[in-house]
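The values are calculated or read from the model by the stated rules, or taken from the named source; none is laboratory data. Just so you know, these numbers come straight off a predicted model, no measurement behind them. Here the Cβ positions follow ideal geometry from the backbone for every residue, glycine too, while neighbour counts run over all protein chains shown.
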Amino acid sequence: MCTCTSNFSGTVHVHRFGGSNMLFGADYYPEHWPEARWETDCRLMSEAGLTAVRILEFAWARLEPSDGEYQFDWVERFIELAHRYGIEVILGTPSATPPKWLVDQDPTILPVDATGRTKAFGSRRHYSYSNENYLRRSAHIAGELSKRFGSHPAVTAWQTDNEFGCHNTTLQFDTASLVAFRVWLKERYRTIDALNEAWGTVFWSQEYRSFDEVVLPAYTVAQDPGSSSLDSVDAQGHNPGLLLDFSRFSTDAVMRFHNAQVEAIRAHSDRPVTHNLMGDFTDIDYHRFSETIDFVSWDNYPSFAWGRTAPHDIGFRHSLMRGLKQKPFWVMEQQSGPCGWRTLGDTPAPGEIRLWTMQAVAHGAEAIVYFRWRACRTGTEQYWYGILDHDGVPRRRYQEVADTVQTAAPMRTIIDHTEPTADIALVHDYEILWSHQFQPHNPEFNYTELLHTYYRSLASRGFNVSVTALSTALKQARVILLPAYSMVDDDAVEALEHFVSNGGVLVTGFRAGIRDRNNTMIDEQIPGRLSTLAGVKVTEFDSLNWGRQVSVKGLFGSSKASVWTDILEIDGAKELASYTDGSFAGTAAVTQKEFGSGFCIYVGCDLTEDAVSVVLSTAADLAGVEPNPFRPVENVETVARQNAETRMYWVMNHNPEPKVVELKHPLQIAATGEVVSSLSLAAFGFDVLREQ
């Protein structure tokens, strides 16, 4: 089992608010452009206020064109040039793109999908994390780069690889992965009897006699051959315990691969190491992975060829990224143009790039690196536009980035030493997410979307919400949200009872407490160990299919359940809402129980977002948590930051037209000191206010 953690102890080069700089930069590919163009690009970056570049993460074939032949001189020339222009360098390791000569030398590094098909050379991420040869080769070139450049004064940080898990590459089915999985299981369970007991392999005669018999959850007779999810473990008909452990192992395999490079880098460099994560990507346990990096960074594309993300959903992702380490984070790739592979997403409207930047800063970003500096003329990402178009001529987007950096300069003192603050914690648990993916209870149930619904319903009313692990929530929050928290152990129940009895407010509900941490269904009446705390027992439930809905009436007025209904027997709680039609009309749907000095609200069904807002606002009120002092306006986001002396509010208009926001009490505009009772925001505009 991988237990690697970040042990960085050198000088931290990561920029902090209140320091000399906030970092703005661009993702740059010197290997894509004639060397004669480099100085023009560095000059234009400098003139725009960009002081950092990330390089090399896809450049292995240029760094090592044949086995053992390192060509680093061109890298040194670029780093020296950037340094002369005051541009710091984030060095990427190139393991996301194994060169052709290496694949030909050892074809076993290629990944294999759940059907046994080998994924060929021709794109990126074409390797197995568990292939020992590739792990060594990747660590070796990372070490060579660190040996050459690790102490260069221009180098400010490292990024390993690029977007681990992208393109369905987390779960791998090659022979090396099978061997590594069996070793991992032996370390976890010690005996095969313990594994059989944990997984319940007596079902369908799946008992194993030794770890050498254990399989990967690959393609089975239960899989629809026409399915589009052949790389997924959610459709193979395998044992739920096997599925969960394979996902756990897959995160550990990624961590082990990454950590080999980190150790090679640290042998020669004291600069911090990160990896560019992907927001609410689900295949890797980012809570665990974040232990192996010095700071969190992630890639933010609000509107590209694969979809447009709503403003509060972007806020959710920022909050999750900050919640991984409870520290400021970087955006390592911030969208700066229309982008896609075969087709293009929307072009950012005037003001949107600036607003996306300020939204990230409001939520805790301390560095913004725009992707990409210039659209590439060749290759798969010809349509992935950046600050500059293919011709390299500065136009509107370049000017908007320059204006954004200029706008941010005086804000460094305005927000000096403030941090995002939240008394409400939404618990995000990757293992529970995986369990729901394997067996989602209802075709329309989506755990990630349920979390987003809870976040949006509060953020749209001006509440500040952190997205984090349960262990962090228990230390920091006054309200904890645990929707569909299916896998519960005694330690979690004890901690939650302590939290509530000491004045905290807990919100949980349907599908909570139904499993243990082995992904096995409990043999108690649900919600099992949470029953005492919630004051309810589930006598029956109904998965709502084929368009059926159930009407619900209560503190929120009227609503509808369209996915799930728990039929509740009240045992110490009071009713807040009930079903008004269907087979179980008149029974409780939402309840509240006083427990010690606190409260537990149980939401026994899915509800419309407006109804969820009322329920969660009630929880906040019970805990004495107030929203930001603004009247809600659709797609206007407010985020609070504070320090010991002051509380500040970022107000951001995500609408393409101007909006007026009414304040609940007068506040000062931070930049001018003017006291206002309402705030006029331009389309995609923002402002920062503070308490008087």
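Are any of the residues in segment 527-546 within 20 Å of Ser613 (Cα to Cα) and of a type in the set (Phe, Trp, Tyr)? For segment 527-546, residues within 20 Å of Ser613 (Cα to Cα) and of a type in the set (Phe, Trp, Tyr): absent.
Is there a residue in segment 81-100 that is of a type in the set (Asp, Glu) and assigned by TED's automatic domain parsing to the domain that holds Gly49? So far as segment 81-100 goes, yes, one or more of its residues are of a type in the set (Asp, Glu) and assigned by TED's automatic domain parsing to the domain that holds Gly49. For the residues Arg182, Arg209, the requirement of being basic (Lys, Arg) and either in contact with a helix residue (DSSP H, G or I) (Cβ under 6 Å, 6 or more places away or on another chain) or at positive phi (or both) singles out Arg182. The single condition from (1) surrounded by fewer than 19 Cβ atoms within 10 Å (Cβ to Cβ); (2) in a strand (DSSP E or B); (3) aromatic (Phe, Trp, Tyr) that Tyr370 fails is (1).
Filtering segment 466-504 to residues that are in a loop (DSSP other than H, G, I, E, B) and closer than 25 Å to Phe541 by Cα leaves Leu482, Pro483, Ala484, Tyr485, Ser486, Val488, Asp489. Sub-6 Å Cβ pairs linking a first residue in segment 657-681 that is in contact (Cβ under 8 Å) with a residue 60 or more places away in the chain to a second residue that is β-branched (Val, Ile, Thr) and assigned to a strand (DSSP E or B), at least 6 apart or interchain, are Ala670/Val688, ordered by first then second residue. Evaluating Ala194 against the criteria (1) modelled with pLDDT of 95 or more; (2) over 29 Å from the mean Cα position of the chain (by Cα); (3) closer than 30 Å to His126 by Cβ leaves one unmet condition, (3).
Identify the residue in segment 47-84 that is outside any loop (DSSP other than H, G, I, E, B) and β-branched (Val, Ile, Thr) and, among all such residues, is surrounded by the most Cβ atoms within 10 Å (Cβ to Cβ). Among those that are outside any loop (DSSP other than H, G, I, E, B) and β-branched (Val, Ile, Thr), it is Val53. Scanning segment 310-355 for residues that are of a type in the set (S, T, N, Q) and buried (at least 19 other Cβ atoms within 10 Å of the Cβ) yields Ser319, Gln334, Gln335, Ser336.
Looking across segment 304-332, just one residue is farther than 17 Å from Thr448 by Cα and in contact with a Pro (Cβ under 7 Å, 6 or more places away or on another chain), and that is Arg322.
Remark: Ser613 matches the filter, which requires a residue to be at pLDDT 95 or above, buried (at least 21 other Cβ atoms within 10 Å of the Cβ), of a type in the set (Ser, Thr, Tyr) and within 22 Å of Leu450 (Cα to Cα). Got at least one residue in segment 428-443 being small (Gly, Ala, Ser), in the same structural domain as Arg515 (by TED's automatic domain parsing), out of contact with any Phe, Trp or Tyr (no Cβ under 6 Å at 6 or more places or on another chain) and assigned to a helix (DSSP H, G or I)? Yes - at least one qualifying residue is present in segment 428-443. Selection over segment 113-144 of residues that are part of a loop (DSSP other than H, G, I, E, B) and closer than 16 Å to Thr97 by Cβ gives a count of 12.
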